[in-house]
Amino acid sequence: MGSLENGSDEPLTPEGRLFLQKEMNQVIYCAIGMKQPLDVDALKLAIQSCPMYTHPRFCSLLVRDSAGREHWRRTRVEIYRHVVPVHGPVAEGLSDEAAVNKFLADLSTDSPGLMGDDKPLWDVHLLMAHQCMVVRIHHALGDGISLISSFLAGSRLVDDPEALPTIGPSLSMMKRRSDGGGEWWKAVVRVLEVVWFTVVFVVEFVLRTMWVSDRTTPVSGGAGVELWPRKLATARFSLEDLKVVKSAVANAELSNMMKGNPGLRWGNKFGIILLPVHYSRSFGDPLEYLRKAKSMMDRKKKSLEAHFSYKIGDMAMTFLGAHVASLLNYRIFCNTTFSISNVYGPREELTFGGNPITYIRATTSSLPHVRLQNTRASSSVVSRMKSLSGLMWGV
């Protein structure tokens, strides 16, 4: 593989530099199940025709100059070096789901193998015996939204092989509800609530960054836990169970979590909200902890905690550098028990390389606590699957 001229070198974005620090060296793993046996040649052609394949980040080497600054250098991509067929079962005596999870866990210990300076930072493993395609991408290339959007741009609809899929909430879901009335005193109360909750939660956020940490639990790890061997578990939730939870928590609408401002840009921007999880064996009602979490989440939504955490990270990157910013992020992850990340998935049933997709599960590695990743599908797609699934990644 030959690199192109040095004049094409581009500096990494601040977020890209953050994800290359040893404390935050994250890799994204996405398992994509297929309905039919995998056709290696067809999948290679589909990958080559995918917009992701020609994106500058996927066609660039990670290089460092004499001062240690990282840059992207354009190169020629050789598909055979990035697509790796795996013949035969990856584990004996396990179901396809368990075998794929074990493969992902084992692959996560080989993240340095993705960081070579001789090819772009991504690869695809084809698990032939399990009809699954595992995509491994370094987080420095982009965030979950950007990457899944690029991948789905190479997919097609089952009902219309020429049509492109869509992700994210539909336009009807993105319409904001109006509180009505328009009384000035209600607006004043809302502003005061925002100010109060922002101050309270920002102080808590700062303390959590410095020294306050969660109490030890069975899922807590020790020093250097992000380097330990990993284990994945898939959690499935039936739609009937979700309906029970929805009816048990007053004024909780599942669609509320999918509402947003259509004017916002998608990009490598992320904020953090610290959400206490109440757990007690003394609760007579097993859903009591859920009501407590719903009440806390309502207060969190009235604060600017996520915006504050993003601004602090942005200022740390700008004025203090990637090393200090990564240490701040690392402290937050060390002082908490787990993180939850949601990424919008497809709204229709899809094919890739002519093969129908049965599931998409994504997660990341190298965090010093448990990671729960949920890839959302639309209600119409989920209703055909009868269940939702998510990946829990832990030690």
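The values are calculated or read from the model by the stated rules, or taken from the named source; none is laboratory data. Fair warning: this is a prediction, and the values are worked out from it, not measured in the lab. No Cβ is skipped: glycine too gets one built from the backbone with ideal geometry, and neighbour counts run over all protein chains shown.
Results, tabulated for the structure shown:
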read-out: Residue match in the stretch 103-118 (condition: free of Cβ contacts under 8 Å to residues at least 60 places away in the same chain, surrounded by fewer than 21 Cβ atoms within 10 Å (Cβ to Cβ) and aromatic (Phe, Trp, Tyr)); value: no
read-out: Odd one out for SER66 among (1) free of Cβ contacts under 8 Å to residues at least 12 places away in the same chain; (2) farther than 30 Å from HIS323 by Cβ; (3) out of contact with any helix residue (DSSP H, G or I) (no Cβ under 7 Å at 6 or more places or on another chain); value: (2)
read-out: Filter result for LEU164 (among the hydrophobic types (A, V, I, L, M, F, W, C) and either modelled with pLDDT under 75 or in a loop (DSSP other than H, G, I, E, B) (or both)); value: yes
read-out: Any helices (runs of 4 or more DSSP H) falling wholly within the stretch 260-369 and containing at least 2 residues that are basic (Lys, Arg) and at pLDDT 85 or above; value: 288-301
read-out: The lone exception for THR75 - which of (1) modelled with pLDDT of 90 or more; (2) surrounded by fewer than 19 Cβ atoms within 10 Å (Cβ to Cβ); (3) hydroxyl-bearing (Ser, Thr, Tyr); (4) under 18 Å from ARG136 (Cα atoms) it fails; value: (4)
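Every residue, every condition in (1) closer than 15 Å to LEU121 by Cα; (2) buried (at least 19 other Cβ atoms within 10 Å of the Cβ); (3) modelled with pLDDT of 90 or more, yes or no:
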position: LEU4; (1), (2), (3): no, no, no
position: SER8; (1), (2), (3): no, no, no
position: PRO11; (1), (2), (3): no, no, no
position: PHE19; (1), (2), (3): yes, yes, no
position: MET24; (1), (2), (3): no, yes, no
position: ILE28; (1), (2), (3): yes, yes, no
position: ASP39; (1), (2), (3): no, no, yes
position: ALA46; (1), (2), (3): no, yes, yes
position: CYS50; (1), (2), (3): no, yes, no
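Residue-wise test of (1) under 17 Å from ILE28 (Cβ atoms); (2) aliphatic (A, V, I, L, M); (3) not in a loop (DSSP other than H, G, I, E, B).
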site	(1), (2), (3)
LEU94	no, yes, no
ALA99	no, yes, yes
LYS102	no, no, yes
ALA105	yes, yes, yes
PRO120	yes, no, no
ILE137	yes, yes, yes
ILE148	yes, yes, yes
